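Working notes, beginning with the structure itself.
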Amino acid sequence: MSKAVLRCEIIGDPAQFGALTPHWWKLWEQSSSATPFQSPAWLVPWWHAFAPGELATVAVWHGDDLVGLAPLYLEHGMSGSKLLPVGISLSDYLDVLAVQDVQAAVVAAIAEAILSVEWSQWILSDLPQNSVGLAIAHPDLKIDAPVNHAACPVLAIAGDETLAGCVPARRRRQLRRARRAASKRGRIAFSSPRSDHQNFLNQLIRLHDARWAGHGGGVLANAAVKQFHRLSLPLLDAHGLVRCWLFAIDGTTVGAYYGFHHRGRAYAYLGGFDPAYAEESPGAILIGHAIAESIREGAREFDFLRGQEAYKYGWGAGDRWTMRKLWTRS
């Protein structure tokens, strides 16, 4: 890429934010640290569903090409305004996007441009360890050392669809027992209803709510979260990122799995199961199925995403930490 001057703009208009989408996809494909959570299919619906503050997104252009993007917003409070990443809370990974060839220049341009916005703290959380955001620096910014933010247990994938090359023997025995128990109760079947997104979400919401009934409710009990997923799922699927599975026993759907696949990495995002079938472990059966499918697709890793729930380690996953970084004005 030639050394033309980069041009920055601060985007505060939601319509202009959404209009970035075609340029954003091209940038996303060229950004080395991109995950589905940094795509416009995820972050534009997130803003439509939540809009928790004032957009202050930095777009960096090289001619007509978008070469950098920091999707940010301002949260105003009594102690001042915080600059936060669009997608916070529901996104397991967040980062600045940049074309690799001009990454250093893009990072410098973003840091310079964001100083024109009024804020007291700039916080980036859920940064992967190879993130572009960790490189942001400027003489007028005081930077706290990055700290561990959240553990994302990750399973390194090896072997074939028997899971013998990557999943511990104990878990594989438990999985075989669960499938036998489910088969005794009726005919078992997996389906991938990708052409009927709303039906899949209806089943996922029903089963997720059932799973968390009496335990404070799950994330899908929130109306805005449900709206967000109804907006984002079709967009993600249109770009081949979604992996949806329903599990049925004797014609009754008893489990749902919602995940992603991108650049040789599978992501287990959300699931639910009918507690009446807890003895058959539909959740575990679906995870085993998802890992086997990811092996068929050539994945190198199966990411259970943030949270140190014990069941993730039973599959053989090990922690990989995201980072949190804080800037203040010097």
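The values are calculated or read from the model by the stated rules, or taken from the named source; none is laboratory data. Everything numeric in this text was worked out from a predicted model, so none of it was measured. Quick reminder, even Gly has a Cβ in these numbers, built from the backbone with ideal geometry, and neighbours come from all protein chains shown. Ligands, DNA and RNA are excluded from the accessible area calculation, which covers all protein heavy atoms including side chains. Shrake-Rupley method; radii C 1.70, N 1.55, O 1.52, S 1.80 Å.
Odds and ends about this structure:
- Residue within the stretch 289-304 that is in contact with a His (Cβ under 8 Å, 6 or more places away or on another chain) and touching a residue at least 40 places away in the same chain (Cβ under 8 Å) present: yes
- With respect to (1) small (Gly, Ala, Ser); (2) touching a strand residue (DSSP E or B) at 6+ places or on another chain (Cβ under 7 Å); (3) over 14 Å from Phe200 (Cβ atoms), the lone exception for Ala221 is condition (2).
- When the stretch 197-243 is filtered for residues that are open to solvent by 10 Å² or more (accessible area, probe 1.4 Å), of a type in the set (Gly, Ala, Ser) and touching a residue at least 40 places away in the same chain (Cβ under 8 Å), the ones remaining, listed by number, are Ala210, Ala213, Gly218, Ala224, Ala238.
- Test for Pro275: is it open to solvent by 30 Å² or more (accessible area, probe 1.4 Å), more than 16 Å from Pro36 (Cβ to Cβ) and not small (Gly, Ala, Ser): yes
- Every pair of residues 6+ apart whose Cβ atoms lie under 8 Å, when the first sits in the stretch 41-66 and is within 23 Å of Ala111 (Cα to Cα) while the second is of a type in the set (S, T, N, Q) and crowded, with 18+ Cβ neighbours inside 10 Å: Leu43/Ser91
- From the list Ala150, Ala145, Ala111, the lone residue that is under 30 Å from Ser79 (Cα atoms), open to solvent by less than 20 Å² (accessible area, probe 1.4 Å) and not in a helix (DSSP H, G or I) is Ala150.
- Near pairs, Cβ below 6 angstrom, 6+ apart or cross-chain, from the stretch 138-150 (over 28 Å from Phe304 (Cβ atoms)) to any residue that is open to solvent by 60 Å² or more (accessible area, probe 1.4 Å) and acidic (Asp, Glu): none
- If the condition is being open to solvent by 10 Å² or more (accessible area, probe 1.4 Å) and assigned to a loop (DSSP other than H, G, I, E, B), then the stretch 35-60 contributes Ala51, Pro52, Gly53.
- Total residues in the stretch 178-188, condition touching a residue at least 12 places away in the same chain (Cβ under 8 Å) and open to solvent by 30 Å² or more (accessible area, probe 1.4 Å): 5
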